[in-house]
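For reference, the structure is listed below as structure tokens.
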Amino acid sequence: MEENEAPVTLIKGGRVVDPAASFDATADLLIVDGVIREVGRVDPPAGCRVIDADGLTVAPGLVDMHVHFREPGFEYKETIAGGSQAAAAGGVTSVAAMPNTAPANDDPSVTGYMLQKARAAGLVNLYPIGAITKGLKGKELAEMGLQQQAGCVAFSDDGYVVMDSGVMRRAMEYSRAFGALIIQHAEDSGLSCGGCMNEGVHSSRLGLPGIPVESEEVIVDRDIRLAELTGGRYHVAHISAAGAVAAVAAARKKGLQVSCEAAPHHFTLTDEAVVGYDANYKMSPPLRSGIDRNAILEGLARGDITAIATDHAPHERDSKQVEFCRAANGVVGLETLLPLSLDLVREGVLGLMETLACLTCNPAQLLGIDGGTLGVGARADVVVFDPDEAWVVDPRRLHGTARNTCFAGIKVRGRVKKSLLAGRIVHSDGR
Amino acid sequence: MISGHSTWNRKHLLGMEGLSRDEISTLLETAASIREINRREIKKVPTLRGRTVINLFYENSTRTRTSFELAGKRMSADVINVSVATSSVAKGETLYDTMANLEAMNPDVVVVRHPQSGANEFLAQHLDTAIVNAGDGRHEHPTQALLDILTIDDNLPRLGRDNFEGMEVAICGDSLHSRVARSNAIALKTLGAKVRFVGPPTLMPTRAEEAFGVKVYHDMDEGLDGVQVVMMLRLQRERMSGGFFPSIREYFEFWGLSRSRLAKAAPEAIVMHPGPMNRGVEIASDVADDPDRAVILEQVANGLAVRMAILYRLCAGRRKD
């Protein structure tokens with residue numbers, strides 16, 4: 001595409017919001033050779049491509065620290081190329097991909113394969129997350145150092161919990177040698193055993209086996225003690241329970257290197273959505289009660305939750321068109337990430353700057369990756385969006401392969417107009 | 001007799017949740033009037049001639065399947081039984097595909113028993129045939145609740161009552177895994193009865209008070225105190241992964257229905273059980289077989305009438321375009 005090859009791009013007249021620099025003003029953004037050259041009043045240089053951003057918001061390309069791109073092994077659910085398309089359409093320019101592939105990403109060769117596939121697709125910066133334990137089995141530590149050399153930016157057995165306290169302790173201790181972040185899927189498998197939705201009034205009425213919030217809370221409590229014991233960097237994936245949010249807040253207050261992320265579905269919906277047994281509302285951890293949802297909103301407002309991540313989990317139709325308990329866990333979220341996060345601004349939970357920080361520089365900092373900023377000299381990963389444009393989520397029009405959204409038919413506000421990856425336009429609204 | 005306006009416009013019977021008093025009353029009146037057929041010498045009427053009913057059973061249940069089969073046949077419907085062990089389900093076919101294939105043969109009603117909660121709801125959302133829930137997981141078993149209510153209704157005179165308003169009913173045992181408990185609690189509350197769940201804390205649905213509007217008792221003597229209806233539940237050993245209670249003997253000691261324990265209930269109280277019974281586990285044989293107290297076989301007889309009424313209402317209430 002011709003316009004993709006323009007070496008100089010000017011994004012003109014938008015509201016530029018760069019949380020990394022606490023910058024929020026109407027400005028132009030000059031991009032030369034994939035790098036941000038100037039932010040301010042810029043006259044278009046000769047031959048430059050101009051993107052008119054009048055009335056639009058210009059922000060760093062979003063950083064989603066928690067996605068599943070399913071490749072290798074589950075290409076029938078999604079591929080790295082397909083996931084990349086969904087990311088670009090959602091204004092997400094950097095993703096951290098979880099290792100629960102087949103084979104699991106517990107080996108530098110798998111890491112290399114993923115990076116190669118992502119480069120070939122060329123739509124998103126993909127940062128693999130390596131496994132904490134070999135085969136995600138929770139027994140023996142994976143080769144964290146070698147994986148990090150190969151390109152892994154953090155470690156997690158996501159999809160599974162590291163249940164053995166001794167193994168978790170060693171993982172946190174060992175990871176210190178590499179400064180690596182340990183991301184836990186916090187779920188006591190004994191407490192959640194057999195459950196397929198949040199335990200509460202709705203699970204009782206629906207007759208579905210429940211997963212109590214304590215399933216998450218006891219692991220977070222334990223892990224925080226281990227973080228204190230070991231001095232490791234600990235991060236709770238997709239936090240869903242009020243008690244876990246409180247525990248993370250207390251740990252941070254104590255000065256521990258503890259953090260967590262929240263997914264838009266957890267701060268938008270509650271377990272009441274499961275009434276009707278639609279498997280598109282089945283995820284892990286499950287949609288929780290209104291109390292938990294409010295705790296997440298408060299955690300975001302207080303700055304105890306510093307990252308918003310999708311847990312983008314694509315599935316083929318067959319694994320969702322079954323009885324609820326037999327359905328696969330997970331929902332896609334990349335294309336609804338921005339509008340649902342902007343609801344936080346509209347509801348007065350956070351300012352635009354703070355919300356975008358949770359979507360850009362904060363996760364970038366947690367992962368230790370470049371990106372999430374519009375600073376001069378930074379790679380020109382940029383999203384241009386209309387914060388108010390309303391649209392209805394239509395599963396058929398989502399990008400990538402999977403259609404398992406839990407927001408089908410819902411009217412959302414906030415639409416990505418352009419996504420730029422190192423100055424190249426990788427998504428343009430309507431195309 | 002429960003009275004109300006005659007109302008039935010539903011395409012499916014998926015559960016007692018959401019059914020109004022009038023709808024329940026309509027089904028019971030229909031059942032009561034149909035009951036007479038089952039006492040004739042020739043127990044067959046042409047009402048559903050040319051109609052097709054498929055019993056799709058993913059769980060073994062001789063009694064419910066037989067009851068539905070007989071219900072259809074006594075009204076001259078063509079009844080087909082499909083059970084999981086002999087079907088393509090064993091070859092890996094999904095519930096959706098099995099049902100879509102059956103639907104392609106254009107049945108009037110499909111009766112579905114399934115081990116997963118919500119399976120009937122799932123089918124009703126994706127397919128067009130009228131569905132009767134014959135039990136889904138631990139969710140609902142509406143025909144059981146209807147036959148239980150018809151049985152209580154029959155016994156109102158001996159309980160010295162005119163209606164269900166304020167009647168105390170104890171549902172005892174494993175209500176956590178019980179669709180019978182859920183459907184009955186919902187329906188009995190709709191009719192104005194007061195419902196108690198009695199059983200060990202490990203077999204109690206989470207926040208049952210709030211979810212079902214019942215009172216929860218863990219002490220059997222307190223739970224039975226003064227009730228007029230004692231509804232025992234079967235201990236569903238096949239639904240348990242273990243560890244809900246230490247042993248059968250301990251279970252019977254604390255939550256089994258013995259004659260002495262039954263004495264805590266009102267003197268005229270009736271004893272119900274959805275069957276099949278585990279004698280000596282949740283109920284003592286002398287209670288189960290006591291003709292003055294147990295109405296268990298009346299329940300079975302009413303089950304047939306209730307299922308005839310359902311099939312009739314779903315077929316009569318629905319025109320095929």
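Quick notes on this one:
- Among the residues making up segment A:236-284, a single one is assigned to a helix (DSSP H, G or I), charged (D, E, K, R) and touching a Pro at 6+ places or on another chain (Cβ under 8 Å): A:Asp271.
- Across segment A:260-293, the qualifying residues are those that are of a type in the set (Val, Ile, Thr) and within 14 Å of chain B (Cβ to nearest Cβ), and the one among them that is least open to solvent (accessible area, probe 1.4 Å) is A:Val274.
- Remark: pairs (first residue in segment A:81-103, over 15 Å from A:Pro314 (Cα atoms); second residue open to solvent by less than 10 Å² (accessible area, probe 1.4 Å) and among the aromatic types (Phe, Trp, Tyr); Cβ separation under 9 Å; 6+ apart in sequence or on different chains) = A:Gly91/A:Phe385.
Conditions tested, residue by residue: (1) under 28 Å from B:Glu29 (Cα atoms); (2) under 20 Å from the mean Cα position of the chain (by Cα); (3) more than 14 Å from chain A (Cβ to nearest Cβ).
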residue	(1), (2), (3)
B:Asn60	no, yes, yes
B:Arg63	yes, yes, yes
B:Leu70	yes, yes, yes
B:Ala100	no, no, no
B:Val112	yes, yes, no
B:Gln116	no, yes, no
B:Asp128	yes, no, yes
B:Leu150	yes, yes, yes
B:Glu165	yes, no, yes
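- Evaluated against (1) in contact with a helix residue (DSSP H, G or I) (Cβ under 7 Å, 6 or more places away or on another chain); (2) of a type outside the set (Asp, Glu); (3) modelled with pLDDT under 95, B:Tyr217 falls short on exactly one condition, (3).
- Taking residues in segment A:292-314 that are within 30 Å of A:Thr401 (Cβ to Cβ), and partners anywhere that are modelled with pLDDT of 95 or more and of a type in the set (Phe, Trp, Tyr), the pairs with Cβ atoms closer than 7 Å and at least 6 places apart or on different chains are A:Arg293/A:Phe267; A:Ile296/A:Phe267.
- Strands (runs of 3 or more DSSP E) contained in segment A:1-100 and holding at least 1 residues over 20 Å from the mean Cα position of the chain (by Cα): A:8-18, A:23-32, A:35-40, A:49-52, A:57-60
- B:Phe122 passes every criterion in (1) within 24 Å of the chain's Cα centre (by Cα); (2) at pLDDT below 95; (3) not polar (S, T, N, Q) apart from (2).
- The strands (runs of 3 or more DSSP E) falling completely within segment B:95-198 that include 1 or more residues that are open to solvent by 10 Å² or more (accessible area, probe 1.4 Å) map to B:109-114, B:168-172, B:194-198.
- Residues of segment A:202-235 classified as away from every other protein chain (no Cβ under 14 Å), in a helix (DSSP H, G or I), open to solvent by 10 Å² or more (accessible area, probe 1.4 Å) and free of Cβ contacts under 8 Å to residues at least 60 places away in the same chain, total: 7
- Number of the exception - A:Ile425 against (1) more than 26 Å from A:Glu347 (Cβ to Cβ); (2) exposed (fewer than 15 other Cβ atoms within 10 Å of the Cβ); (3) in contact with a strand residue (DSSP E or B) (Cβ under 7 Å, 6 or more places away or on another chain): (2)
- Of all the residues in segment B:11-53, those that are buried (at least 16 other Cβ atoms within 10 Å of the Cβ) and closer than 22 Å to B:Arg179 by Cα number 14.
- Search result, residues across segment A:195-233 that are closer than 18 Å to A:Ala279 by Cα and of a type in the set (Lys, Arg): A:Arg205
- Count - residues of segment A:167-201 that are away from chain B (no Cβ under 14 Å), open to solvent by 20 Å² or more (accessible area, probe 1.4 Å) and not in a helix (DSSP H, G or I): 3
The values are calculated or read from the model by the stated rules, or taken from the named source; none is laboratory data. Treat the numbers as computed from the prediction; the structure is a model and nothing was measured. In this analysis, Cβ positions are derived from the backbone assuming ideal geometry, glycine residues included, and neighbour counts consider all displayed protein chains. Ligands, DNA and RNA are stripped out before the accessible areas are found, and what is left, the full protein with its side chains, is counted by its heavy atoms. Shrake-Rupley method; radii C 1.70, N 1.55, O 1.52, S 1.80 Å.
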